[in-house]
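What follows is a short report on a single structure.
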Amino acid sequence: MKDWTLKLFSLFRNPRFTGDLLLSLGVLLWFYLYYFNVLLAGYLAQLPYNPVNDELLNALPTVNLDFIASNYIYLLFAVFTAWVLAREPQRTPFYIKLFTLMYFSKFIILPTTSLTYPANAIHETWDPIYNDLFFSGHTAFPFLCYLVTRDKTRYLRYFFLLSTLIEASGVLLMKIHYAIDVYAAPFITYGVYKMGHHLFKKNYSAYDFLIRDLRQE
């Protein structure tokens, strides 16, 4: 516990790390709270309801799995955040950029698809925004967590991979996503993961020296 506290103190007393963290977090919040919740939500809400036929959804029963769609995703966020802060706090700005890039990709694609929610959809309790379909964020988020942790922690990577399947199954059974939304999510997310490591390559290890210096003391 003492080593972890010293590690955080070493990071946050560095103005470059703190500035990078705040800027990265600010960009993410702007995209989500303003671009998505205000600008994009208004556009999505006025789309004329025109559900697309989906043979997989037609074959599946409609099941209310609101806990998985509305609550489980927050558990995944909490677990991933706790892991980052415990194991790799120096990479927090990089990981924020990575997830921002994923949601940026989704928010850019959404206006070009103009899909409306499937027939017989059971909407989430905590999500008042409809028609934000392609691609499935419920599937993409745990899969990106899996990609980040797959070479670093054995059990947690399996947890996130299993959670990807759970979330994908949940949104399909609730019929709040089309099959293509779920199918495409892992492929787009993998592309985002590789692109993020290319675009922010230096940022990935930019603050490792702060941890190394602490270990040498």
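The values are calculated or read from the model by the stated rules, or taken from the named source; none is laboratory data. Every value quoted in this text rests on a predicted model; they were computed, and no experiment measured them. Note that each Cβ is placed from the backbone with ideal geometry, even for glycine, and that neighbours are counted across all protein chains shown.
Laid out as a table, the results:
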{"quantity": "Breaking point among (1) modelled with pLDDT under 95; (2) hydroxyl-bearing (Ser, Thr, Tyr); (3) part of a helix (DSSP H, G or I), for Thr92", "calculated": "(1)"}
{"quantity": "Any hit, the stretch 110-124, residues being β-branched (Val, Ile, Thr), in contact with a Ser or Thr (Cβ under 9 Å, 6 or more places away or on another chain) and closer than 19 Å to Tyr178 by Cα", "calculated": "yes"}
{"quantity": "Inter-residue pairs, beta-carbon under 6 Å, first at negative phi and in the stretch 128-153, second among the acidic types (Asp, Glu), 6+ apart", "calculated": "Leu133/Asp181; Phe134/Asp181; Phe135/Asp181; Ser136/Asp181; His138/Glu167; Thr139/Glu167; Pro142/Glu167"}
{"quantity": "Condition met for Tyr117 (more than 16 Å from Ala69 (Cα to Cα) and either touching a strand residue (DSSP E or B) at 6+ places or on another chain (Cβ under 8 Å) or not acidic (Asp, Glu) (or both))", "calculated": "no"}
{"quantity": "Sole residue being under 30 Å from Leu210 (Cβ atoms) and at pLDDT below 95, chosen from Leu47, Leu29", "calculated": "Leu29"}
{"quantity": "Of the criteria (1) touching a His at 6+ places or on another chain (Cβ under 8 Å); (2) closer than 19 Å to Phe104 by Cα, which one Pro142 fails", "calculated": "(1)"}
{"quantity": "Residues located in the stretch 3-17, provided they are surrounded by fewer than 17 Cβ atoms within 10 Å (Cβ to Cβ) and among the hydrophobic types (A, V, I, L, M, F, W, C)", "calculated": "Trp4, Leu6, Leu8, Phe9, Phe12"}
{"quantity": "Selection count where residues are farther than 25 Å from Gly170 by Cβ and of a type outside the set (Ser, Thr, Tyr), scope the stretch 34-64", "calculated": "5"}
{"quantity": "Residue that is nearest to Leu39 (Cα to Cα) [pool: residues in the stretch 119-150 that are aromatic (Phe, Trp, Tyr) and surrounded by fewer than 19 Cβ atoms within 10 Å (Cβ to Cβ)]", "calculated": "Tyr130"}
{"quantity": "Sole residue being under 14 Å from the mean Cα position of the chain (by Cα) and over 21 Å from Ile180 (Cβ atoms), chosen from Leu76, Leu39", "calculated": "Leu76"}
{"quantity": "Residue that is within 19 Å of Leu165 (Cβ to Cβ) and in contact (Cβ under 8 Å) with a residue 12 or more places away in the chain, where the choices are Leu47, Leu28, Leu40, Leu56", "calculated": "Leu56"}
